[in-house]
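Reading through the C-alpha coordinates given below for one structure.
The values are calculated or read from the model by the stated rules, or taken from the named source; none is laboratory data. Please read these numbers as outputs of a predicted model, since none were measured by experiment. Accessible surface is based on the protein model in full, side chains and every heavy atom, while ligands, DNA and RNA are left aside. Shrake-Rupley method; radii C 1.70, N 1.55, O 1.52, S 1.80 Å.
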Amino acid sequence: MKGNFNYETELQPVALLDLKRQYESIKDEIYEALKRVCDSGAFVLGPEVKALEQSIAAYSQTEYAVACASGSDALLLSLMAADIGPGDEVIIPSFTFFATASAVTRLGARPIFADVDARTFNLCPIDVERKITSRTKAIIPVHLFGQMADMHRFNVLAQKYNFAVIEDAAQSIGAELDGRRAGSWGDMGAFSFYPTKNLGGAGDGGMITSRNAAFTNKLKLLHVHGMEPRYYHKVIGINSRLDSLQAAIINVKLKYLDAWTTMRIQNAARYNEFFIDAGLDNTVVLPYCESSRRHVWNQYTIRVPDNLRDTLRQSLSERKIGSEIYYPLGLHEQECFRYLGYRTESLPETAAASREVLALPIFAELTENEQHCVVRSIKMFFESQAIHKLYPAAAVAMQKREAA
Ligand SMILES: *Cc1c(COP(=O)(O)O)cnc(C)c1O
(Lines give C-alpha, C1' and ligand atoms only; values in the text may rest on other atoms or scores of the structure.)
Protein backbone atom coordinates (compact mmCIF):
# COMPACT_ATOMS: atom_id res chain seq x y z
CA MET A 1 0.00 0.00 0.00
CA LYS A 2 1.42 3.39 -0.95
CA GLY A 3 0.99 5.98 1.75
CA ASN A 4 0.13 9.48 0.73
CA PHE A 5 0.45 11.68 3.77
CA ASN A 6 -1.60 14.80 3.31
CA TYR A 7 -0.38 17.90 5.18
CA GLU A 8 -3.46 19.84 4.14
CA THR A 9 -5.93 17.57 5.90
CA GLU A 10 -8.62 19.53 7.69
CA LEU A 11 -8.29 18.40 11.31
CA GLN A 12 -11.40 16.75 12.69
CA PRO A 13 -12.12 14.85 15.92
CA VAL A 14 -11.31 11.12 15.85
CA ALA A 15 -12.75 8.70 18.41
CA LEU A 16 -10.53 6.01 19.89
CA LEU A 17 -13.31 3.53 19.16
CA ASP A 18 -16.68 4.13 17.49
CA LEU A 19 -18.85 1.05 18.00
CA LYS A 20 -21.89 2.71 16.43
CA ARG A 21 -20.47 2.42 12.92
CA GLN A 22 -20.17 -1.35 13.20
CA TYR A 23 -23.62 -1.63 14.73
CA GLU A 24 -25.18 0.47 11.93
CA SER A 25 -23.80 -1.92 9.32
CA ILE A 26 -25.47 -5.03 10.83
CA LYS A 27 -28.40 -3.54 12.73
CA ASP A 28 -31.16 -5.53 11.01
CA GLU A 29 -29.44 -8.86 11.53
CA ILE A 30 -28.91 -8.05 15.23
CA TYR A 31 -32.58 -7.16 15.70
CA GLU A 32 -33.64 -10.40 14.08
CA ALA A 33 -31.31 -12.45 16.29
CA LEU A 34 -32.56 -10.71 19.45
CA LYS A 35 -36.17 -11.28 18.43
CA ARG A 36 -35.44 -14.97 17.81
CA VAL A 37 -34.07 -15.36 21.35
CA CYS A 38 -36.90 -13.41 22.98
CA ASP A 39 -39.49 -15.45 21.10
CA SER A 40 -37.80 -18.70 22.15
CA GLY A 41 -37.95 -17.85 25.87
CA ALA A 42 -34.50 -19.45 26.46
CA PHE A 43 -32.25 -16.74 27.94
CA VAL A 44 -29.32 -18.54 29.55
CA LEU A 45 -27.11 -21.00 27.61
CA GLY A 46 -29.41 -22.81 25.11
CA PRO A 47 -28.99 -23.35 21.35
CA GLU A 48 -27.42 -19.95 20.54
CA VAL A 49 -24.68 -20.57 23.11
CA LYS A 50 -24.10 -24.11 21.88
CA ALA A 51 -23.80 -22.86 18.30
CA LEU A 52 -21.33 -20.18 19.39
CA GLU A 53 -19.22 -22.72 21.30
CA GLN A 54 -18.95 -24.84 18.16
CA SER A 55 -18.13 -21.90 15.89
CA ILE A 56 -15.47 -20.48 18.22
CA ALA A 57 -13.86 -23.91 18.60
CA ALA A 58 -13.72 -24.25 14.81
CA TYR A 59 -12.56 -20.64 14.30
CA SER A 60 -9.78 -21.11 16.86
CA GLN A 61 -8.75 -24.50 15.44
CA THR A 62 -9.52 -26.39 18.66
CA GLU A 63 -11.75 -29.32 19.54
CA TYR A 64 -13.86 -27.79 22.29
CA ALA A 65 -15.10 -24.51 23.66
CA VAL A 66 -17.08 -23.66 26.79
CA ALA A 67 -18.89 -20.32 27.04
CA CYS A 68 -18.86 -18.30 30.26
CA ALA A 69 -19.77 -14.87 31.60
CA SER A 70 -16.56 -12.91 30.86
CA GLY A 71 -12.93 -13.11 29.84
CA SER A 72 -11.99 -12.70 33.50
CA ASP A 73 -14.09 -15.77 34.37
CA ALA A 74 -12.56 -17.66 31.43
CA LEU A 75 -9.15 -17.18 33.08
CA LEU A 76 -10.47 -18.06 36.54
CA LEU A 77 -12.25 -21.21 35.32
CA SER A 78 -9.16 -22.32 33.36
CA LEU A 79 -7.02 -22.06 36.48
CA MET A 80 -9.70 -23.92 38.50
CA ALA A 81 -9.74 -26.68 35.88
CA ALA A 82 -5.94 -26.91 36.20
CA ASP A 83 -6.38 -27.31 40.00
CA ILE A 84 -4.49 -24.15 40.88
CA GLY A 85 -4.71 -23.27 44.57
CA PRO A 86 -2.84 -22.13 47.70
CA GLY A 87 0.91 -22.77 47.56
CA ASP A 88 1.00 -22.73 43.76
CA GLU A 89 2.82 -20.19 41.63
CA VAL A 90 1.55 -18.98 38.27
CA ILE A 91 3.92 -17.02 36.03
CA ILE A 92 2.27 -14.16 34.17
CA PRO A 93 3.42 -10.95 32.47
CA SER A 94 3.25 -7.79 34.57
CA PHE A 95 2.37 -5.78 31.45
CA THR A 96 -1.24 -6.93 30.95
CA PHE A 97 -4.80 -6.23 32.02
CA PHE A 98 -5.51 -6.79 35.71
CA ALA A 99 -7.72 -9.88 35.21
CA THR A 100 -4.72 -12.04 34.26
CA ALA A 101 -3.39 -11.62 37.80
CA SER A 102 -6.60 -11.48 39.85
CA ALA A 103 -7.68 -14.89 38.54
CA VAL A 104 -4.53 -16.28 40.17
CA THR A 105 -4.90 -14.52 43.53
CA ARG A 106 -8.61 -15.35 43.84
CA LEU A 107 -7.63 -19.01 44.03
CA GLY A 108 -5.10 -18.33 46.78
CA ALA A 109 -2.15 -18.89 44.44
CA ARG A 110 0.76 -16.49 43.94
CA PRO A 111 1.26 -14.55 40.71
CA ILE A 112 4.91 -14.43 39.67
CA PHE A 113 5.41 -11.43 37.42
CA ALA A 114 7.77 -11.79 34.47
CA ASP A 115 9.03 -9.11 32.11
CA VAL A 116 8.04 -8.55 28.48
CA ASP A 117 9.85 -8.28 25.17
CA ALA A 118 10.59 -4.61 24.40
CA ARG A 119 9.39 -4.82 20.79
CA THR A 120 6.21 -6.95 21.02
CA PHE A 121 5.25 -6.28 24.67
CA ASN A 122 4.64 -10.03 25.00
CA LEU A 123 5.85 -12.30 27.81
CA CYS A 124 9.62 -12.90 27.65
CA PRO A 125 10.49 -16.64 27.61
CA ILE A 126 13.97 -16.01 29.06
CA ASP A 127 12.57 -14.24 32.10
CA VAL A 128 9.88 -16.91 32.48
CA GLU A 129 12.49 -19.68 32.57
CA ARG A 130 14.45 -17.77 35.23
CA LYS A 131 11.36 -17.66 37.44
CA ILE A 132 10.31 -21.32 37.28
CA THR A 133 10.42 -23.08 40.67
CA SER A 134 9.16 -26.40 42.04
CA ARG A 135 5.93 -24.54 42.91
CA THR A 136 5.23 -23.37 39.33
CA LYS A 137 1.91 -24.95 38.37
CA ALA A 138 0.93 -22.85 35.35
CA ILE A 139 1.90 -19.94 33.13
CA ILE A 140 -0.40 -17.50 31.37
CA PRO A 141 1.13 -16.02 28.20
CA VAL A 142 -0.99 -13.04 27.12
CA HIS A 143 -1.33 -12.38 23.39
CA LEU A 144 -1.18 -8.64 23.90
CA PHE A 145 -2.73 -6.06 21.56
CA GLY A 146 -3.58 -8.76 18.96
CA GLN A 147 -0.20 -10.43 18.48
CA MET A 148 0.60 -13.93 19.71
CA ALA A 149 3.24 -14.58 22.34
CA ASP A 150 6.06 -17.09 21.73
CA MET A 151 4.01 -20.26 22.24
CA HIS A 152 6.72 -22.55 20.79
CA ARG A 153 9.04 -21.66 23.66
CA PHE A 154 6.35 -21.73 26.35
CA ASN A 155 5.13 -25.19 25.31
CA VAL A 156 8.71 -26.51 25.42
CA LEU A 157 9.12 -25.12 28.96
CA ALA A 158 5.76 -26.62 29.98
CA GLN A 159 6.86 -30.07 28.77
CA LYS A 160 10.22 -29.80 30.48
CA TYR A 161 8.95 -28.53 33.84
CA ASN A 162 5.46 -30.03 33.75
CA PHE A 163 3.06 -27.15 34.24
CA ALA A 164 -0.16 -26.02 32.54
CA VAL A 165 -0.25 -23.35 29.83
CA ILE A 166 -3.28 -21.06 29.70
CA GLU A 167 -3.40 -18.58 26.84
CA ASP A 168 -4.92 -15.21 27.63
CA ALA A 169 -6.34 -14.59 24.15
CA ALA A 170 -8.82 -11.89 25.25
CA GLN A 171 -7.33 -9.38 22.77
CA SER A 172 -6.41 -11.82 20.04
CA ILE A 173 -9.21 -13.85 18.54
CA GLY A 174 -8.04 -15.04 15.11
CA ALA A 175 -4.37 -14.18 15.75
CA GLU A 176 -1.92 -16.75 14.38
CA LEU A 177 1.59 -18.00 14.99
CA ASP A 178 2.97 -20.03 12.06
CA GLY A 179 -0.57 -20.44 10.73
CA ARG A 180 -2.03 -21.78 13.98
CA ARG A 181 -4.58 -19.78 15.89
CA ALA A 182 -4.59 -18.31 19.39
CA GLY A 183 -6.37 -20.61 21.81
CA SER A 184 -5.16 -23.80 20.10
CA TRP A 185 -1.62 -23.88 21.55
CA GLY A 186 -1.98 -24.17 25.31
CA ASP A 187 -4.00 -26.49 27.54
CA MET A 188 -6.74 -23.87 27.49
CA GLY A 189 -7.33 -20.49 25.87
CA ALA A 190 -9.35 -17.66 27.45
CA PHE A 191 -11.35 -15.27 25.25
CA SER A 192 -13.42 -12.19 26.02
CA PHE A 193 -16.44 -10.74 24.21
CA TYR A 194 -16.27 -7.41 26.05
CA PRO A 195 -17.47 -4.75 23.57
CA THR A 196 -13.98 -3.27 22.92
CA LYS A 197 -12.48 -6.63 21.88
CA ASN A 198 -12.26 -7.57 18.20
CA LEU A 199 -15.35 -9.78 18.58
CA GLY A 200 -17.52 -8.00 21.15
CA GLY A 201 -21.06 -8.52 22.38
CA ALA A 202 -23.46 -5.99 23.85
CA GLY A 203 -22.18 -6.63 27.36
CA ASP A 204 -19.94 -9.14 29.06
CA GLY A 205 -19.12 -12.60 27.76
CA GLY A 206 -16.27 -15.07 27.54
CA MET A 207 -15.14 -18.44 26.17
CA ILE A 208 -12.57 -21.09 27.02
CA THR A 209 -11.13 -23.19 24.20
CA SER A 210 -9.33 -26.50 24.64
CA ARG A 211 -8.18 -29.53 22.69
CA ASN A 212 -8.33 -31.60 25.85
CA ALA A 213 -11.58 -33.47 26.68
CA ALA A 214 -10.74 -33.86 30.39
CA PHE A 215 -10.24 -30.10 30.90
CA THR A 216 -13.37 -29.42 28.84
CA ASN A 217 -15.53 -31.71 30.95
CA LYS A 218 -14.22 -30.07 34.11
CA LEU A 219 -14.96 -26.60 32.72
CA LYS A 220 -18.49 -27.65 31.79
CA LEU A 221 -19.08 -28.63 35.42
CA LEU A 222 -17.24 -25.72 37.04
CA HIS A 223 -19.14 -22.95 35.25
CA VAL A 224 -22.55 -24.25 36.42
CA HIS A 225 -21.75 -24.62 40.15
CA GLY A 226 -20.32 -28.11 39.66
CA MET A 227 -23.87 -29.35 39.22
CA GLU A 228 -24.62 -32.64 37.43
CA PRO A 229 -27.38 -33.79 37.40
CA ARG A 230 -29.54 -30.88 38.55
CA TYR A 231 -29.07 -30.06 42.30
CA TYR A 232 -26.35 -32.66 42.74
CA HIS A 233 -22.95 -30.96 43.11
CA LYS A 234 -19.83 -32.94 42.27
CA VAL A 235 -17.34 -30.10 42.79
CA ILE A 236 -17.48 -26.51 44.02
CA GLY A 237 -17.80 -24.38 40.94
CA ILE A 238 -19.06 -20.88 40.20
CA ASN A 239 -21.98 -19.40 38.30
CA SER A 240 -20.53 -18.19 35.02
CA ARG A 241 -22.91 -18.72 32.11
CA LEU A 242 -23.26 -16.85 28.85
CA ASP A 243 -26.61 -15.23 28.07
CA SER A 244 -28.42 -16.39 24.93
CA LEU A 245 -28.87 -12.76 23.83
CA GLN A 246 -25.10 -12.17 23.91
CA ALA A 247 -24.46 -15.41 22.07
CA ALA A 248 -27.02 -14.51 19.39
CA ILE A 249 -25.31 -11.15 18.79
CA ILE A 250 -21.84 -12.68 18.70
CA ASN A 251 -23.04 -15.39 16.30
CA VAL A 252 -24.09 -12.65 13.89
CA LYS A 253 -20.83 -10.75 14.30
CA LEU A 254 -18.55 -13.76 13.91
CA LYS A 255 -19.47 -13.94 10.21
CA TYR A 256 -17.89 -10.50 9.74
CA LEU A 257 -14.86 -10.95 11.97
CA ASP A 258 -12.41 -11.80 9.17
CA ALA A 259 -13.51 -8.82 7.09
CA TRP A 260 -13.15 -6.54 10.13
CA THR A 261 -9.75 -8.01 10.94
CA THR A 262 -8.60 -7.35 7.37
CA MET A 263 -9.68 -3.73 7.79
CA ARG A 264 -7.70 -3.44 11.04
CA ILE A 265 -4.63 -4.91 9.30
CA GLN A 266 -5.03 -2.37 6.46
CA ASN A 267 -5.39 0.48 8.95
CA ALA A 268 -2.19 -0.58 10.71
CA ALA A 269 -0.30 -0.71 7.40
CA ARG A 270 -1.65 2.72 6.48
CA TYR A 271 -0.55 4.23 9.81
CA ASN A 272 2.94 2.85 9.21
CA GLU A 273 3.04 4.52 5.77
CA PHE A 274 1.70 7.82 7.08
CA PHE A 275 4.18 7.91 9.98
CA ILE A 276 7.05 7.23 7.57
CA ASP A 277 5.77 9.84 5.07
CA ALA A 278 5.53 12.37 7.89
CA GLY A 279 9.13 11.63 8.94
CA LEU A 280 7.98 10.49 12.37
CA ASP A 281 9.21 6.90 12.28
CA ASN A 282 12.40 7.88 14.13
CA THR A 283 10.56 10.16 16.54
CA VAL A 284 8.12 7.55 17.83
CA VAL A 285 8.55 3.77 17.77
CA LEU A 286 6.03 2.09 15.48
CA PRO A 287 4.47 -1.25 16.51
CA TYR A 288 6.60 -4.28 15.75
CA CYS A 289 4.88 -7.19 14.01
CA GLU A 290 6.80 -10.46 13.79
CA SER A 291 6.73 -12.08 10.34
CA SER A 292 5.57 -15.44 11.73
CA ARG A 293 2.43 -13.80 13.09
CA ARG A 294 -1.03 -12.80 11.95
CA HIS A 295 -1.47 -9.68 14.09
CA VAL A 296 -5.17 -8.83 14.54
CA TRP A 297 -4.54 -5.30 15.87
CA ASN A 298 -6.85 -5.00 18.84
CA GLN A 299 -4.58 -2.04 19.56
CA TYR A 300 -2.10 -0.02 17.49
CA THR A 301 0.40 0.97 20.16
CA ILE A 302 3.29 3.33 19.53
CA ARG A 303 6.08 4.19 21.96
CA VAL A 304 6.81 7.82 22.70
CA PRO A 305 10.30 8.29 24.18
CA ASP A 306 11.85 11.17 26.17
CA ASN A 307 9.03 11.53 28.69
CA LEU A 308 6.85 13.14 26.00
CA ARG A 309 4.06 10.55 26.02
CA ASP A 310 1.78 12.34 28.49
CA THR A 311 2.22 15.78 26.90
CA LEU A 312 1.56 14.28 23.46
CA ARG A 313 -1.59 12.64 24.78
CA GLN A 314 -2.70 15.92 26.33
CA SER A 315 -2.14 17.69 23.01
CA LEU A 316 -4.11 15.00 21.12
CA SER A 317 -6.93 15.27 23.59
CA GLU A 318 -7.06 19.06 23.02
CA ARG A 319 -7.45 18.34 19.30
CA LYS A 320 -10.16 15.76 20.18
CA ILE A 321 -8.07 12.83 18.97
CA GLY A 322 -8.75 9.74 21.09
CA SER A 323 -5.87 7.73 22.53
CA GLU A 324 -5.35 5.49 25.56
CA ILE A 325 -2.58 4.16 27.74
CA TYR A 326 -2.57 0.37 28.01
CA TYR A 327 -1.14 0.15 30.68
CA PRO A 328 0.07 3.07 32.81
CA LEU A 329 1.49 0.75 35.49
CA GLY A 330 2.89 -2.74 35.46
CA LEU A 331 0.79 -5.00 37.68
CA HIS A 332 3.89 -5.48 39.86
CA GLU A 333 3.59 -1.77 40.72
CA GLN A 334 -0.12 -1.80 41.59
CA GLU A 335 -1.05 -0.97 45.15
CA CYS A 336 -3.00 -4.20 45.63
CA PHE A 337 0.07 -6.29 44.71
CA ARG A 338 2.53 -4.42 46.91
CA TYR A 339 2.50 -7.36 49.33
CA LEU A 340 4.34 -9.38 46.66
CA GLY A 341 7.36 -7.13 47.18
CA TYR A 342 8.40 -6.16 43.63
CA ARG A 343 10.43 -3.03 42.95
CA THR A 344 9.56 -0.95 39.85
CA GLU A 345 12.91 -1.61 38.19
CA SER A 346 12.82 -5.35 38.87
CA LEU A 347 10.93 -5.58 35.55
CA PRO A 348 12.70 -2.89 33.51
CA GLU A 349 10.98 -3.48 30.14
CA THR A 350 7.55 -3.38 31.77
CA ALA A 351 8.43 -0.18 33.62
CA ALA A 352 9.74 1.45 30.41
CA ALA A 353 6.73 0.34 28.36
CA SER A 354 4.26 1.68 30.91
CA ARG A 355 5.94 5.11 30.63
CA GLU A 356 6.03 5.17 26.81
CA VAL A 357 3.05 3.34 25.26
CA LEU A 358 0.20 5.14 23.55
CA ALA A 359 -2.63 3.36 21.72
CA LEU A 360 -4.18 5.16 18.72
CA PRO A 361 -7.59 4.60 17.06
CA ILE A 362 -7.44 1.39 14.96
CA PHE A 363 -11.06 0.10 14.80
CA ALA A 364 -12.13 -1.47 11.50
CA GLU A 365 -14.33 1.39 10.25
CA LEU A 366 -11.70 4.10 10.89
CA THR A 367 -11.31 6.15 7.67
CA GLU A 368 -8.14 7.11 5.83
CA ASN A 369 -8.94 10.75 6.46
CA GLU A 370 -9.22 10.13 10.19
CA GLN A 371 -5.83 8.43 10.15
CA HIS A 372 -4.42 11.53 8.42
CA CYS A 373 -5.83 13.63 11.25
CA VAL A 374 -4.22 11.43 13.90
CA VAL A 375 -0.77 11.44 12.28
CA ARG A 376 -0.94 15.11 11.37
CA SER A 377 -1.83 16.01 14.96
CA ILE A 378 1.16 14.04 16.20
CA LYS A 379 3.35 15.78 13.62
CA MET A 380 2.15 19.20 14.80
CA PHE A 381 2.92 18.26 18.39
CA PHE A 382 6.51 17.29 17.62
CA GLU A 383 7.04 20.38 15.46
CA SER A 384 5.93 22.58 18.34
CA GLN A 385 8.29 20.66 20.66
CA ALA A 386 11.23 21.27 18.32
CA ILE A 387 10.39 24.95 18.04
CA HIS A 388 10.15 25.15 21.85
CA LYS A 389 13.69 23.90 22.16
CA LEU A 390 15.20 26.00 19.36
CA TYR A 391 13.19 29.22 19.43
CA PRO A 392 11.26 29.71 22.70
CA ALA A 393 9.86 33.10 21.57
CA ALA A 394 8.62 31.70 18.26
CA ALA A 395 6.93 28.86 20.15
CA VAL A 396 4.97 31.27 22.29
CA ALA A 397 3.87 33.17 19.19
CA MET A 398 2.83 29.92 17.52
CA GLN A 399 0.83 28.85 20.55
CA LYS A 400 -0.97 32.19 20.57
CA ARG A 401 -1.78 31.78 16.88
CA GLU A 402 -3.10 28.25 17.41
CA ALA A 403 -5.18 29.33 20.36
CA ALA A 404 -6.73 32.18 18.36
C1 LIG B 1 -10.26 -7.79 28.40
C2 LIG B 1 -9.20 -8.64 28.96
C3 LIG B 1 -9.46 -9.60 29.94
C4 LIG B 1 -10.79 -9.72 30.67
O5 LIG B 1 -11.89 -9.84 29.88
P6 LIG B 1 -13.33 -9.37 30.44
O7 LIG B 1 -14.28 -9.98 29.48
O8 LIG B 1 -13.32 -7.88 30.42
O9 LIG B 1 -13.48 -9.91 31.81
C10 LIG B 1 -8.43 -10.43 30.35
N11 LIG B 1 -7.20 -10.30 29.83
C12 LIG B 1 -6.90 -9.37 28.90
C13 LIG B 1 -5.50 -9.31 28.36
C14 LIG B 1 -7.89 -8.50 28.45
O15 LIG B 1 -7.56 -7.57 27.54
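Taking only Cα atoms, what is the 0 to 90° angle, nearest 10, from helix 19-40's long axis to the longest principal axis of the chain?
Once rounded, the angle reads 20 degrees.
Let a ≥ b ≥ c be the square roots of the eigenvalues of the Cα gyration tensor of the chain; is it rounded (a/c under 1.5), or, if not, prolate (a/b larger than b/c) or oblate? The partial results should precede the final answer.
On the way: a/c = 2.23, a/b = 1.43, b/c = 1.56.
Note, shape of the chain comes out oblate.
Give me the percent of accessible area attributable to carbon and sulfur for the chain, probe 1.4 angstrom.
The computed percentage sits at 52.
What angle do you read, to the nearest 10 degrees and between 0 and 90, between the alpha-carbon axis of helix 392-403 and the longest principal axis of the chain?
70
Could you tell me the center-to-center distance, by alpha carbons, between region 265-308 and region 50-69 in angstrom?
32
Apply the a/c threshold of 1.5 to the C-alpha gyration tensor of region 300-346 and tell me whether it is rounded, prolate or oblate.
prolate
With contacts defined as alpha carbon pairs under 8 Å and 6 or more residues apart, what's the relative contact order of region 282-404 in percent?
On the way: 108 pairs, mean separation 34.1, N = 123.
Relative contact order here is 28 percent.
Could you state the angle between the C-alpha long axis of helix 368-390 and the longest principal axis of the C-alpha atoms of the chain, as a value from 0 to 90 degrees rounded to the nearest 10?
50
Taking the DSSP beta bridges in region 130-282 as the whole, what percent of them are antiparallel, to the nearest 5?
55
In whole angstrom, how far apart do the alpha carbon centroids of region 312-357 and region 175-226 sit?
Measuring centre to centre over Cα atoms gives 27 Å.
With the cut-off at 1.5 for a/c, could you classify region 249-389 from its C-alpha gyration tensor as rounded, prolate or oblate?
It is oblate, given that a/c is not under 1.5 and a/b is not larger than b/c.
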